[in-house]
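Heads up, the thing below is written out as structure tokens.
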Amino acid sequence: GDNNLNPRNAIADYYMYDAEDGSHFNGPEHSITYVNEYQKTEVAASYRDLAIAGIRLSSGKEWTSFAELSAYIKRGIRIARLNPNKPNQNYKDGLDCSDNFPEIAYALLTNKKYGAGETIGTDQVDAWEMAKAAKFCKENELFWNGVISEPQDLREFLFTNAAYNFLDFTIKGGRFSLSPSIPYDGNYKIRKNAKITAKALFTDGNIRKMQVSFLTPEERQMFRATVLYRKDIENGFPEVKTLTVVSTVNAAGKPVSPSTRAALPEETFDMSGFCKSRKHAVNFAKFALLVRLHVTHGIKFETTPQAALGLEPGDYFRVVSEATHTSRFKTGSVAPDGTIVCNGNLADGTYEVFSWKPGKTKVQNAKMKVKNGKATEASFYKTVFSIRNSTTTDRMYKVESLSYGEEGLVELSGSEVPLNDDSTLKILDWENGNFQVSG
């Protein structure tokens, strides 16, 4: 009952002459190269946590090869949106895709599927600080439209990209957070005219082992900032744009000639992977130029826990030190009963001083009256002070790190904060017309 499709098969393989040869002598005429398997499933297929893309090709002569597939993705992974104004202290405002870097950072630190949620998690992330940073980026149109296509060193990734968005990546009390590195107002807008106030005062009387690290001439070399950013074309390929920004004045405010500007070395900042805003690119270039122009050094010293009370990374503090260090008696402290403690005696009279009381958030610039070795006004009790004179240097710094050092002291490091005469930041002088922008 079998169907014999070739009843003369044996005859077909019989050759009358030795010169005859069959096509199947040295190998099979046909081989199975691909098999499609179709299975009937009891439950519909599910593709969770995957983005599915497909393309349908009809047969045609124009298709000779198809090696790559490009797609324009309009929406990314749905993550937690952060809102600092939520009343229940949760700060999460639903799930949706986001181009806000603090929200992306929060997801990477807390999500267990594609982030570091298994090792870090929500307990080690300051959600409120992240929410404020997210609001800051939103109000100032600082967006991160990028793709994370391969594994990253998470800390390095967050630190690098935070700087492009004017944010500081910090660890406070063992909790990760992002916070704006420049002042902002109540609406989270960048406040270029904000007057910087110190939260603590340090003098020759309450610090020791002070080390000053000046930047090398190479690190202070001015440059022409070239920034790469991206112009997106919907359903098309992006176009990389280039712009160049150069300062037209030097650190002393003197004009720089066009020939000198043209001879400056070029430094390139590639923001094309996430930035598609020309305004964002220009502001970052100006900020980088002003930091190079005005920031000259960093400082590190040890102080008492009481003197550093209330300070945390990102805060500002003032250091008042005598240039020659030959008159250290002009710095000291005032006891709870008004007695002045310093190396030497202060004669009766009125002195212009910087004073600060531990726990307060502002350094006072006032006149202190002294009589019989005591401050006459109660407002100076329990304060640290430094008498202002022609040999005293007064500089503002920003806290970079705080840690416990030897003998129970606190080791504090900071970077210089250059100020204008009106106590505003020099590194935010973006709109003064001292820049040449091309491209």
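The values are calculated or read from the model by the stated rules, or taken from the named source; none is laboratory data. Fair warning: this is a prediction, and the values are worked out from it, not measured in the lab. Positions of Cβ are backbone-derived with ideal geometry, glycine not excepted, and every protein chain shown enters the neighbour counts. Accessible surface is based on the protein model in full, side chains and every heavy atom, while ligands, DNA and RNA are left aside. Shrake-Rupley method; radii C 1.70, N 1.55, O 1.52, S 1.80 Å.
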Measuring from the longest principal axis of the C-alpha atoms of the chain, the long axis of helix 278-294 (C-alpha) lies at a number of degrees, nearest 10, equal to 40 degrees
Using alpha carbon centers only, the range 384-434 is separated from the range 183-203 by a whole-angstrom value of 12 Å
The distance between the Cα centres of the range 79-141 and the range 225-240, in whole Å, is 27 Å
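Within the chain, which is the longest segment containing none of the trypsin sites (Lys or Arg not before Pro) that sit in a DSSP loop and have at most 12 other Cβ atoms within 10 Å? Don't skip to the end; give the middle numbers.
Details: sites that count: ARG8, LYS40, ARG48, ARG56, LYS61, LYS74, ARG75, ARG78, LYS112, LYS113, LYS189, LYS195, LYS362.
Result for the longest clean stretch: 196-361.
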Ranked by GNM mean-square fluctuation in the chain (Cα springs under 10 Å), the top entry among SER277, SER213, SER65 is SER65
Checked against the positive end of the charge dipole of the chain (+1 on Cβ of Lys and Arg, -1 on Cβ of Asp and Glu, about the Cα centre), the farthest of LEU95, LEU178, PHE214 is PHE214
To the nearest 20 debye, the chain has a Cα-centred charge dipole, built from +1 on Lys and Arg Cβ and -1 on Asp and Glu Cβ, of 2920 debye
To the nearest 10 degrees, the tilt of helix 127-139 (Cα long axis) against the first principal axis of the alpha carbons of the chain is 80 degrees
Only helices counted: for the chain, with every DSSP H run of 4 or more residues adding -39500 (n - 2.57) and the sum spread over all residues, [θ] at 222 nm is -4000 deg cm²/dmol
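Need one word for the range 66-143: rounded, prolate or oblate. Basis is the Cα gyration tensor (sqrt eigenvalues a ≥ b ≥ c); a/c below 1.5 gives rounded, then a/b vs b/c decides. List each step's numbers first, then the result.
Working: a/c = 2.51, a/b = 1.49, b/c = 1.69.
Oblate.
Quote the charge dipole size of the range 1-78 about the Cα centre in Debye, to the nearest 20; the model charges only the Cβ of Lys and Arg (+1) and of Asp and Glu (-1). Before the final figure, lay out the partial values.
Details: 8 positive and 11 negative charges, 224 e Å.
That gives the range 1-78 a dipole magnitude of about 1080 debye.
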Excluding ligands, DNA and RNA, the carbon-plus-sulfur percentage of the accessible area of the range 220-341 with a 1.4 Å probe reads 55 percent
Out of ASN193, SER401, TRP63 - ranked by how far each Cα lies towards the positive end of the dipole of the chain, with unit charges on the beta-carbon of charged residues - the top one is ASN193
With +1 at each Lys and Arg Cβ and -1 at each Asp and Glu Cβ, the charge dipole magnitude of the range 95-167 around its Cα centre, to the nearest 20 debye, comes out at 80 debye
Given Cβ charges of +1 for Lys and Arg and -1 for Asp and Glu, the option among PHE25, SER413, PHE169 whose Cα lies farthest towards the positive end of the dipole of the chain is SER413
Mean separation of Cα contacts under 8 Å (at least 6 apart) over the residue count of the chain, i.e. the relative contact order in percent, is 14 percent
Mean projected area (nm²) from the convex hull of Cα positions in the range 360-439 is 10.2 nm²
Karplus ³J(HN,Hα) for the range 370-381 (6.51 cos²θ - 1.76 cosθ + 1.60, θ = phi - 60°; Hz, whole; x = Gly/Pro) runs 10, 9, 6, x, 10, 7, 7, 10, 5, 5, 9, 5
Here the relative contact order (percent) of the range 113-236, from C-alpha pairs under 8 Å and at least 6 apart, is 22 percent
Pairs over 27 Å Cα to Cα, from LYS254/LYS286; LYS254/LYS276; LYS192/LYS369; LYS92/LYS113; LYS112/LYS286, come to LYS254/LYS276; LYS192/LYS369; LYS112/LYS286
For the range 66-95, listing chymotrypsin sites (Phe, Trp or Tyr not before Pro) in a DSSP loop whose Cβ sees at most 13 other Cβ atoms within 10 Å gives PHE66, TYR72
Residue by residue through the range 27-38, the couplings from Karplus 6.51 cos²θ - 1.76 cosθ + 1.60 with θ = phi - 60°, in Hz, x for Gly and Pro, are x, x, 6, 9, 9, 7, 10, 7, 10, 8, 10, 10
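How large is Rg over Rh for the range 262-389, taking Rg from the Cα atoms and Rh as the Kirkwood inverse mean of 1/r across Cα pairs?
On the way: Rg = 21.8 Å, Rh = 18.3 Å.
With Rg and the Kirkwood Rh in hand, the quotient comes to 1.19.
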With Cα springs under 10 Å, the Gaussian network model of the chain assigns the largest mean-square fluctuation among THR383, THR303, THR260 to THR260
With every protein chain in place, the accessible area of TRP128 for a 1.4 Å probe, in Å² rounded to the nearest 10, comes to 110 Å²
For the range 209-345, averaging the sequence separation of alpha carbon pairs under 8 Å that lie six or more residues apart and dividing by its residue count, the contact order in percent is 28 percent
Ranked by GNM mean-square fluctuation in the chain (Cα springs under 10 Å), the top entry among GLY314, GLY186, GLY359 is GLY186
